[in-house]
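Working notes, beginning with the structure itself.
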Amino acid sequence: MTQAMPHAPTGLAWTQAQSPALFAPEQLTQSVEHFREPAYVVQAPDGTRGVAFGGQVAGQGQLPVVGMLPAIYPEWLGDRSFCEVHGTRFSYVAGAMANGIATTDLVLAMANNGMLGFFGSAGLPFERVKEAHDTLFAALGEGDPAKGQKPYGMNLIHSPHEPDLEQAIVDLYLERKVRRVSASAYMDLTPMVVQYAIKGLRQDANGTILRDNFLFAKISRPETAAKFMSPAPKAILDKLVAEGKLTADEARLAALVPVAEDITVEADSGGHTDNQILTAVFPTVLAQREAIAAKHGYTRPIRVGAAGGLGSPSAVAAAYALGAAYVLTGSVNQGCIEGGLAPYGKKLLAQAELGDVMMAPAADMFEMGVKVQVLRRGTMFGNRAHKLYETYRAYPSLEAIPADEQKMLETQIFQQPLKEVWRATQSFFAKRDPKELEKAEKDPKHLMALVFRAYLGQSSRWAIAGDEKRKLDFQIWAGPAQCSFNAWVKGSFLEPVENRKAVQVARNLLEGAAAITRAQGMRSAGVAVPEGAFEFAPRPLEA
């Protein structure tokens, strides 16, 4: 049973000026691309609804006006406070893919085109992080919009095995006035991440709280989000004050603001992920934000952004429709020209289809059983990493591994005797963190973990360096977004890897999201929108 479409009570009518109203399916599909122009929803005598551009609207005219669709600009998607606070043109972020895969070139491309990018500091030695900042500072200064500078950021990853490195990175960021930091892999707050977020808090003459440092907390669980959206724990603040890392006044003001004002809800993604569904976790965190803000009476807003699975305009439009203040992409950027992956790895990524990803043990939290999402197609890494974890769980030490199994590990995975792997591992940790070697001397199972982590850690670097001898061992982080992106660009100018520039990708995602938002607006106004109107074909930036 159907009901006749009711007349909207606007009392207005539209009269054609140059172009007639559009009712035919092909006309409606084409009209979606004019999302930058306001449109009227008009009704024909038979009740069919269409759209009209231009013309005149008055009390009398050719067709009744039953609604109006405002202009949509990609710049208007998301929360405008994001652009105002961070000095961007678009509410779009390129995430900090580890080991420098999110390169300085990627960060600069984002900054120079009105977006925000984070350098992938995680997994890199301290000196390499300093070098990256030297490059960014030379081009962008502090990245402070208040000083007329284009914004950028760097990554801070939770390092449970290397707390000294985590502290050193924070000290570096504070010393060099890195104003935006993306915090990742945190399950709880650490003194280091709190120190960065709170340092520099102050009040102006009107009593308004000002902050120098903006922390982006990437989370996938509501309970973790709550910790970053709440004021810093008093115990941590007291400890930082006692150590001289915060002033008493900074700690006092910390009780009035959240640790992070930008919360990135990470759904099913490449790398570290809980495989969450965005449409389930995002509304939960959004409601949690409202409750926490009301509880503490915040005077500054908390923005909640979306990440994970955003590889097509439809996905980006859906994220904004959920209420995302900004969107963050990751997987699709590492396959771009600016991404830090070697050409062979980018080629593998470009061939990925849905189902070509899998979960595998993570190098940084191997003993804890934490996993990362990686590319399955074209590499044996995932299966071999699982074998190492199963072996770690089954035996108390390297010596306890049966001879035939040990031989298999040496020939198929490590490609050298385990004793040689251990010697190289000793040399690495002698420079990186001697405490790990002290622990290994006392605990043979920890020694085994360090050896196995050596393979996991090097596998991503082989993929970045393009080591031809270790192609089958490439660890390439990827999630469903990469697969859906490949399906979207198939047959377009973005299908070839050499055409995939990060800004081209970003602008197409945003343009497409705006077009799809217009199509949904038309449908909501009762227009019979053809299915093709929800498809946005990639096109060159100049088009």
Inset, instruction - Please tell me if Ala146 is part of a helix (DSSP H, G or I) and modelled with pLDDT under 95. - result: yes
Inset, instruction - Pairs only if they're at least six apart or on different chains, beta carbon under 7 angstrom, first in the range 119-135 and without any contact (Cβ under 8 Å) to a residue 60 or more places away in the chain, second surrounded by 15 or more Cβ atoms within 10 Å (Cβ to Cβ) and aromatic (Phe, Trp, Tyr); list them, first residue then second. - result: Ala132/Phe119
Legend entry - Every residue from the range 315-349 that is in a loop (DSSP other than H, G, I, E, B), in contact (Cβ under 8 Å) with a residue 60 or more places away in the chain and over 22 Å from Ser121 (Cβ atoms): Ala324, Ala325
Inset, instruction - Test His133 against the criterion of being of a type outside the set (A, V, I, L, M, F, W, C) and in the same structural domain as Gln334 (by TED's automatic domain parsing), and give yes or no. - result: yes
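Could you grab me the full set of residues in the range 202-243 that are among the hydrophobic types (A, V, I, L, M, F, W, C), surrounded by fewer than 16 Cβ atoms within 10 Å (Cβ to Cβ) and not in a loop (DSSP other than H, G, I, E, B)?
Matches in the range 202-243: Ile209, Leu210, Ala235, Ala242.
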Legend entry - Residue list for the range 278-314, restricted to those being among the aliphatic types (A, V, I, L, M) and either touching a Ser or Thr at 6+ places or on another chain (Cβ under 6 Å) or assigned to a helix (DSSP H, G or I) (or both): Leu278, Ala280, Val281, Val285, Leu286, Ala287, Ala291, Ile292, Ala293, Ala294, Ala307, Leu310
Legend entry - Qualifying position, being touching a residue at least 40 places away in the same chain (Cβ under 8 Å), in a helix (DSSP H, G or I) and under 25 Å from Met380 (Cα atoms), among Arg507, Arg453: Arg453
Inset, instruction - Would you kindly identify the strands (runs of 3 or more DSSP E) lying entirely within the range 11-119 that contain at least 3 residues that are under 30 Å from Arg300 (Cβ atoms)? - result: 92-94, 116-119
Legend entry - Those residues of the range 511-536 which are loosely packed, with under 14 Cβ neighbours inside 10 Å and in a loop (DSSP other than H, G, I, E, B), in sequence order: Ala528
Legend entry - Pairs where the first residue, in the range 367-378, is on the phi > 0 side of the Ramachandran plot and the second is modelled with pLDDT of 90 or more and surrounded by fewer than 16 Cβ atoms within 10 Å (Cβ to Cβ), C-beta under 8 Å, 6+ apart: Gly378/Gln351
Legend entry - Scope the range 149-174; condition outside any helix (DSSP H, G or I) and either over 26 Å from Thr329 (Cβ atoms) or of a type in the set (Phe, Trp, Tyr) (or both); matching residues: Tyr152, Pro160, His161, Glu162
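Yes/no per residue for (1) among the charged types (D, E, K, R); (2) buried (at least 16 other Cβ atoms within 10 Å of the Cβ); (3) outside the structural domain of Ala307 (by TED's automatic domain parsing):
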residue	(1), (2), (3)
Gln43	no, yes, yes
Asp46	yes, no, yes
Gln56	no, no, yes
Ile72	no, yes, yes
Asp79	yes, yes, yes
Gly95	no, yes, no
Inset, instruction - Only one of these is of a type outside the set (Gly, Ala, Ser), within 23 Å of Leu165 (Cβ to Cβ) and touching a Ser or Thr at 6+ places or on another chain (Cβ under 7 Å): Val451, Val421. Name it. - result: Val451
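The values are calculated or read from the model by the stated rules, or taken from the named source; none is laboratory data. Everything numeric here is computed off the predicted structure, so don't read it as measured data. Glycine gets a Cβ as well: all are built from the backbone with ideal geometry, and neighbour counts include every protein chain shown.
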